[in-house]
Amino acid sequence: MLRVVSWNINGIRSPLQGLACQEPSNCPTALRRVLEELDADIVCLQETKVTRDVLTEPLAIIEGYNSYFSFSRSRSGYSGVATFCKDSATPVAAEEGLSGVFATLNGDIGCYGNTDEFTQEELRALDSEGRALLTQHKIRTLEGKEKTLTLINVYCPHADPGKPERLTFKMRFYRLLQIRAEALLAAGSHVIILGDLNTAHRPIDHCDASSLECFEEDPGRKWMDGLLSNPGNEAGPHMGLFMDSYRYLHPKQQRAFTCWSVVSGARHLNYGSRLDYVLGDRALVIDTFQASFLLPEVMGSDHCPVGAVLNVSCVPAKQCPALCTRFLPEFAGTQLKILRFLVPLEQEPVREQPVLQPSHQIQAQRQPSKARMHLTRPRKSQGGPKRNQKNLMSYFQPSSNLSQTSVVELSTLPLVGSLITPKTVEEVATATVVEEKNKVLESKDEKEERTAFWKSMLSGPSPMPLCGGHREPCVMRTVKKAGPNFGRHFYMCARPRGPPSDPSSRCNFFLWSRPS
């Protein structure tokens with residue numbers, strides 16, 4: 001069996017508190033524990049938000065796995081995908097990007113299709129955000145036949161309503177993805193497209209599709225209509241070359257969501273959408289897919305993992321492709337670090353062989369060495385007093401003259417015990433207790449006075465208004481959308497977002513906050 005899992009991790013360096021992982025995210029074993037909990041032969045991660053200059057060895061080199069990264073070249077801490085393969089599923093080839101502009105001709109996959117409709121600048125821009133990573137594997141079917149399987153790990157762009165150019169970028173990325181996948185399929189390889197496609201395909205995949213205008217007319221959904229066939233494999237208008245494995249095995253499963261809004265707390269009531277998929281070519285899904293699943297119980301991101309189980313076995317390659325992170329100079333041990341130049345290296349002293357020389361030459365050679373030794377020796381103190389630098393504490397110490405005279409004078413003074421009456425142990429203890437009580441009372445009085453003063457000066461925050469639906473304290477939010485109200489504060493119901501028919505979900509209460 002071959003188990004593949006995809007997860008938009010929303011930052012590979014972020015805390016991974018969702019899994020049974022007690023270590024912090026910067027612990028060397030944190031990511032390994034994540035991979036062990038997901039228990040997959042191939043794990044594809046999206047939105048890693050890491051670039052090569054900040055990639056650390058604990059994230060790149062995991063024992064028992066070989067990893068492959070695609071970084072964003074346009075922005076730091078943005079986008080990025082990574083694929084981790086067990087050593088038993090080592091790929092025969094790996095490649096970054098869909099267009100081939102970053103291909104190195106060493107262990108690449110090839111089969112790019114006809115991309116004449118794109119300019120070279122457009123192809124480079126589409127692949128510069130680190131959104132696609134391909135690994136090619138050898139698989140063996142139950143009949144013993146060996147075939148080629150190519151996995152395309154993708155993080156498709158999000159179309160911001162306020163930026164129409166991003167919708168164009170998203171649709172061009174979709175087009176390039178389809179050209180590459182169909183070219184690989186035409187070359188004889190089975191193909192799996194898995195990752196965050198950033199589109200809820202059908203109304204069943206969205207929590208509130210009825211409230212969205214022209215849901216079916218969305219360009220992303222139309223593209224998926226052309227890419228995918230019907231779940232039931234019936235003849236119909238959607239006869240694409242690929243199939244949605246989850247809808248093929250669970251065609252009527254309701255509320256099967258993979259992404260939720262963190263700000264509104266929508267995950268508590270499962271009010272989200274299905275944006276993450278495991279797509280496969282028709283023959284592969286029908287013949288080999290045994291299961292397709294979601295893992296909503298896994299926390300740590302605004303997405304949950306999705307995966308599938310194939311009734312095939314993987315034939316590992318003898319050597320990892322050149323794109324593997326263990327071959328990067330910073331992890332292969334060939335790059336010198338700057339600390340090596342700052343730390344002195346221990347070297348054995350060089351021993352010179354004795355050479356017979358005349359005695360007068362030996363004496364002449366010894367004279368400079370003695371002179372050097374005299375320079376390094378501290379000079380002996382002369383008969384006069386030392387003139388050392390004084391420190392601050394020397395001014396608070398009694399001088400030696402006063403100490404000698406005080407000893408003489410003290411001998412003629414009467415004893416202190418004859419002038420002061422000694423106190424008993426009970427009196428000393430009582431005095432100590434009284435003194436401590438007085439100190440506590442004084443500090444308490446001072447604290448109360450300060451508290452009363454500041455309370456009189458500061459009235460404190462005003463109480464939150466109550467929402468109209470539940471009569472519960474509201475929560476304050478800030479408008480972040482560009483416009484005339486940008487930066488203004490408002491109150492809304494504090495409950496998580498959910499279906500309008502659910503009384504436990506958020507009500508429609510809204511109130512602008514008065515400016516202070």
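The values are calculated or read from the model by the stated rules, or taken from the named source; none is laboratory data. Note that the structure is a prediction, hence the values are computed from the model and not measured. Heads up, the Cβs are rebuilt from the backbone with ideal geometry, glycines too, and the neighbour counts pull from every protein chain shown. Surface accessibility is based on the protein's heavy atoms, side chains included, excluding ligands, DNA and RNA. Shrake-Rupley method; radii C 1.70, N 1.55, O 1.52, S 1.80 Å.
Remark: spin-label model distance residue 488-residue 117 equals 4.4 nm, labels positioned 7 Å along the Cα→Cβ axis. Residues whose amide H falls under 5 Å from that of residue 468, counting only those 5 or more places apart or on a different chain, are 509, with hydrogens built in the peptide plane.
Couplings for region 154-171, taken from phi via the Karplus curve 6.51 cos²θ - 1.76 cosθ + 1.60 with θ = phi - 60°, read 10, 10, 6, x, 9, 8, 6, x, x, 10, x, 5, 6, 5, 4, 4, 4, 5 Hz in order; Gly and Pro are left as x.
In region 436-487, what trypsin sites (Lys or Arg not before Pro) fall in a loop by DSSP, with at most 13 other Cβ atoms inside 10 Å? Could the numbers behind the result be given before it?
Values: sites: 437, 439, 444, 447, 450, 455, 471, 477, 480, 481; in loops: 471, 480, 481.
Here the trypsin sites (Lys or Arg not before Pro) that fit, given the DSSP loop and packing criteria, are 471, 480, 481.
Under 5 Å between amide hydrogens, built in the peptide plane, is the criterion, and for residue 272 it picks out 207 among residues at least 5 positions away or on other chains.
Less than 13 Å apart at the alpha-carbon level, and either on another chain or at least 8 residues along: which aspartates and glutamates does that give for residue 49? Output for residue 49: 129. Overall form of region 125-238: oblate. Here a/c, set by the Cα gyration tensor axes a ≥ b ≥ c, is 1.5 or more, and a/b is not larger than b/c. Using every pair of distinct Cα positions in region 1-145, the Kirkwood expression returns a hydrodynamic radius of 16.4 angstrom. Computed with a 1.4 Å probe on the full set of protein chains, the accessible area for residue 478 sits at about 60 Å². Site pair residue 186 and residue 441 shows an inter-label distance of 9.6 nm when each label is modelled 7 Å from Cα along Cα→Cβ.
Just the number, please: carbon plus sulfur as a percent of the accessible area of region 128-200, 1.4 Å probe, no ligands or DNA/RNA counted. Write out the running numbers ahead of the final one.
Details: 1320 of 2610 Å².
Carbon and sulfur together cover 51 percent of it.
When both region 31-63 and region 194-220 are represented by their alpha-carbon centers, they are found 30 Å apart.
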